[in-house]
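Computed from the coordinates by the stated procedures, all read-outs in this text should not be read as laboratory data. Keep in mind that this is a model prediction, so the values were computed, not measured. Cβ atoms come from the backbone with ideal geometry, glycine included; neighbour counts cover every protein chain shown.
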Amino acid sequence: MDKILGETLACWTEKHPLLNDIVKTKEVFWINPLYGKCRKALDEISLSMMDIEDASQRLIRFAPYLEKVFPETSPFGGIIESPLREIPLMKSSLEDFCDSRLEGSLMAKCDSHLPISGSIKARGGIYEVLKHAEDLAFENGLLKPYDDYSILANDEFREFYSKYSIAVGSTGNLGLSIGIMSAKLGFRVFVHMSADAKEWKKSLLRSKGVTVVEYDSDYSLAVKEGRRQSEGDPLMHFVDDENSETLFLGYSVAALRLAKQFQELEVTVDEKHPLFVYLPCGVGGGPGGVAFGLKAVFGDSVHCFFAEPTHSPCMLIGMMTGLHEKVSVQDFAIDNLTEADGLAVGRPSGFVGKTMKKLISGIFTSTDKNLYRLLGMLADSEDLWLEPSALAGFPGPCLIEGSEKGKEYLKRHGLEAENILHLAWATGGSMVPEETMKGYYEKSKI
């Protein structure tokens, strides 16, 4: 193997022994040594609760428009939000999965069932498109903050937006959210898709009038080409999944919504009743934004963990080594090939890694085989159907309560397992075609 940033693999594994198992694509659990008190870490970040509130208010302004053009949002008044479910039967199945009793309770945050595009990307992706649309309308004197935004559904606005383009690089779900929302507003849309993107996602985008550009390479090239295309067109906006603060803040609004759901369910989250959240992670924007929001809202009472496939542990390698976007999984001879298409990312977002380096409690990985096993378990126990990538967070409770590293973490923070609320963030699945989902389920039984 060639040297990695001037050092041999042996040097890197000596510095970070966990790399020995990571490069062999074994499942690992890493506790972040930089994790510390929330307030101090948040003070070092340029973004704040004011930014989250601003994003939340923008989505409220757009609610009348969304309710008008996407009838599925009508029950929620145009607000894009997902159910929060207790999943006690899955908890029992997880106990069998990890051969360990789980004392805490277990819930699922079903972003898999978000309206419009059926994944967590309906938060950040749609938010960035809406903000761009609002900015353009403001700049051209067509809209004011106090207007009824349902006027955006008029032909006048669609004709206005048709002069502009939006581009994005995606493994699938971000492309769906950007494509569906942009096309509805009237933008011309270009989605650059990596080789691992599922065919049904490409077909759905094309049916909405989106131009899909396909590549035989991975996510990084799709992003690079999308960025290059937009650089040559002043009327094109590039949604930068690797570096966008706008995307990040769109995701962060989830924390305010979750706090409200907990309040309605009379669920207590405090330092004695901690919330442990497990977030599937690709390039990092979605889980990073949600985790940032959660830390801003719940402080030290929430503990956030990222979850990645064993063949695409880009955020783990980036954060553990401190190299962030300077290094890819391919540098360590890891192939970045996984059935978890939304997580098939070889190089992490440096923006997210650096922003969250003291706020994330840890990262763990799962094999594709276990993602499928968990998919079948959740379908059988709770009749909740997710795509493989959305299962990445479900081993979290087992690792926290059943592993030595997890037990040490609880002890260090003075926490009792029986008081924990485990929350697995279910990131996608409701838009998967029936036949495709049937195939996923059959694989879970092999």
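Summary table
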{"read-out": "Reference-scaled alpha-carbon Rg (2.2 N^0.38 Å with N residues) for the chain", "value": "0.93"}
{"read-out": "Kirkwood Rh and Cα Rg combined as Rg over Rh, evaluated for the range 120-245", "value": "0.97"}
{"read-out": "With Cα atoms, 0 to 90° folded angle of helix 434-444 axis to the chain main axis", "value": "10"}
{"read-out": "Backbone HN-Hα couplings from phi across the range 388-404 [Karplus 6.51/-1.76/1.60, Hz, Gly and Pro as x]", "value": "x, 4, 6, 8, 4, x, 5, x, x, x, 4, 6, 5, 8, x, 9, 5"}
{"read-out": "Separation of alpha-carbon centers, the range 113-186 and the range 369-434, rounded to whole Å", "value": "32"}
{"read-out": "Max mean-square fluctuation residue, GNM over the chain, Cα-Cα springs under 10 Å, options Leu34, Leu359, Leu279", "value": "Leu34"}
{"read-out": "Percent RCO, i.e. relative contact order, over the range 120-245, from Cα pairs under 8 Å lying at least 6 residues apart", "value": "26"}
{"read-out": "Karplus-derived HN-Hα couplings along the range 60-70 (A = 6.51, B = -1.76, C = 1.60, θ = phi - 60°), whole Hz, x at Gly and Pro", "value": "5, 4, 7, 4, x, 5, 4, 5, 6, 9, 10"}
{"read-out": "Sequence-distant residues sharing a close amide H with Glu214 (under 5 Å, placed H)", "value": "Met193"}
{"read-out": "Computed FRET value (nearest 0.05) for Ile446 with Lys3, which takes r as the C-beta separation and R₀ as 60 Å", "value": "0.95"}
{"read-out": "Cβ-derived FRET efficiency at R0 22 Å, Asp96 paired with Thr13, nearest 0.05", "value": "0.05"}
{"read-out": "Estimated distance in nm for a label pair at Ser207 and Ser150, the labels positioned 7 Å out from Cα along Cα-to-Cβ", "value": "2.8"}
{"read-out": "Close Lys-Lys pairs in the range 268-390, where close means Cα under 17 Å and separation is 8 or more or interchain", "value": "6"}
{"read-out": "Distant-in-sequence amide H partners of Ile166 (H built 1.01 Å from N, under 5 Å)", "value": "Arg188, Val189, Phe190, His237"}
{"read-out": "Cleavage-rule hits (chymotrypsin sites (Phe, Trp or Tyr not before Pro)) in the range 109-180: DSSP loop, at most 11 neighbouring Cβ within 10 angstrom", "value": "Tyr146"}
{"read-out": "Theoretical ellipticity at 222 nm over the chain - DSSP helices of four or more residues, -39500 (n - 2.57) apiece, nearest 500", "value": "-13500 deg cm²/dmol"}
{"read-out": "Gain in span if fully extended, Lys326 to Thr436, counting 0.36 nm per residue against the direct Cα distance", "value": "36.0 nm"}
{"read-out": "Residue-wise HN-Hα coupling along the range 180-192, computed from phi with Karplus coefficients 6.51, -1.76, 1.60 (Hz; x: Gly, Pro)", "value": "4, 5, 5, 5, 4, 6, x, 5, 7, 10, 10, 10, 8"}
{"read-out": "Reciprocal mean inverse distance between Cα atoms of the range 364-426 - Kirkwood radius, Å", "value": "12.7"}
{"read-out": "Theoretical gain in end-to-end length, Lys37 to Leu89 [0.36 nm per residue, Cα-Cα removed]", "value": "15.3 nm"}
{"read-out": "Cα gyration tensor, the range 11-72 - rounded (a/c under 1.5), prolate or oblate", "value": "oblate"}
{"read-out": "Cysteines, the chain, no other Cys beta-carbon under 4.7 Å", "value": "Cys11, Cys38, Cys110, Cys281, Cys304, Cys314"}
{"read-out": "Virtual spin-label span in nm between Lys407 and Glu214, 7 Å along Cα→Cβ", "value": "5.1"}
{"read-out": "Cα-Cα P(r), the range 1-136, percent of pairs per 5 Å interval", "value": "2, 7, 10, 11, 10, 12, 14, 13, 12, 6, 3, 1"}
{"read-out": "Within the range 352-446, chymotrypsin sites (Phe, Trp or Tyr not before Pro) in DSSP loop having at most 11 other beta-carbon neighbours inside 10 Å", "value": "none"}
{"read-out": "By average C-beta atoms within 10 angstrom, highest first, the peptides 283-289, 395-401, 228-234, 76-82", "value": "283-289, 395-401, 76-82, 228-234"}
{"read-out": "Modelled FRET efficiency - R0 30 Å, Ser74 with Glu53, Cβ distances, 0.05 increments", "value": "0.75"}
{"read-out": "Those trypsin sites (Lys or Arg not before Pro) in the range 69-116 that DSSP places in a loop and that have at most 12 other beta carbons within 10 Å", "value": "Arg101"}
